[in-house]
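Encoded as structure tokens, the structure appears first; notes follow it.
The values are calculated or read from the model by the stated rules, or taken from the named source; none is laboratory data. If you're wondering where the values come from, they're calculated on a predicted model, not measured in any experiment. Here Cβ is always computed from backbone atoms with ideal geometry, including for glycine, and neighbour counts include all displayed protein chains. When the accessible area is computed, the model is the full protein with side chains, heavy atoms only, and any ligands, DNA or RNA have been set aside. Shrake-Rupley method; radii C 1.70, N 1.55, O 1.52, S 1.80 Å.
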Amino acid sequence: MSIGHTLLGLLESGPRHGYDLKRAFDEKFGHDRPLHYGQVYSTMSRLLKNGLVEVDGIEAGEGPERKRYAITDAGVTDVARWLTTPEKPEPYLQSTLYTKVVLALLTHRDAAGVLDTQRSEHLRMMRILTDRKRRGDLADQLICDHALFHLEADLRWLELTAARLDKLREAVSR
């Protein structure tokens, strides 16, 4: 996820302080990985330097000065470009799991056990996500669906690989 673009997009509704940006980000996108304040302020500094935001005001308080940031026209253009640029699909052509299975076969270890252990872990995570989806709002449901679909694809791969272990053993042992 592009944190800079996300913060810029949040600024399109109006100027905000860094604290407000962090809170909005965490509410909308950071359920599992909230932003650190330092990440917000370093990103805002970079966006300011690049002309994508400007300081809309500075308020003195008991602590450090609070800057209010506003998105510039260049920032709006940058967000629009980012939103219309497709993300590169992640094909997972060199997965760690595949490497573990092949190494287990090459070292005469239990490759089926590696697959079974991973299957159990995937099923455990799917139960957690399904429970979260059941209790969550629409955003949580969509996020969980995305993760669940990926886990389901992984499970299909685990089953297919388990069914082909003997052939894979022959292929990697040559």
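So which pairs qualify, if the first residue must be in region 20-40 and in the same structural domain as residue 59 (by the TED database), the second must be among the acidic types (Asp, Glu) and assigned to a helix (DSSP H, G or I), the Cβ gap must be under 8 Å, and the two must be at least 6 apart or on different chains?
31/140; 34/26; 35/26
Name the helices (runs of 4 or more DSSP H) wholly within region 67-174 that hold at least 3 residues that are open to solvent by less than 80 Å² (accessible area, probe 1.4 Å), among the polar types (S, T, N, Q) and farther than 30 Å from residue 37 by Cα?
Because the criterion is at least 3 residues that are open to solvent by less than 80 Å² (accessible area, probe 1.4 Å), among the polar types (S, T, N, Q) and farther than 30 Å from residue 37 by Cα, the helices (runs of 4 or more DSSP H) in region 67-174 that meet it are 111-135.
Pairs needed: first member in region 99-125, farther than 14 Å from residue 161 by Cβ and assigned by the TED database to the domain that holds residue 159; second member anywhere, part of a loop (DSSP other than H, G, I, E, B) and open to solvent by 20 Å² or more (accessible area, probe 1.4 Å); C-beta distance under 9 Å; at least 6 residues apart or different chains.
none
For region 24-66, name all the residues that are closer than 17 Å to residue 12 by Cα, part of a helix (DSSP H, G or I) and open to solvent by 50 Å² or more (accessible area, probe 1.4 Å).
Correct list: 27, 28, 48.
For region 14-37, name all the residues that are out of contact with any helix residue (DSSP H, G or I) (no Cβ under 7 Å at 6 or more places or on another chain), of a type in the set (Gly, Ala, Ser) and over 28 Å from residue 88 (Cα atoms).
Selection gives 14 alone.
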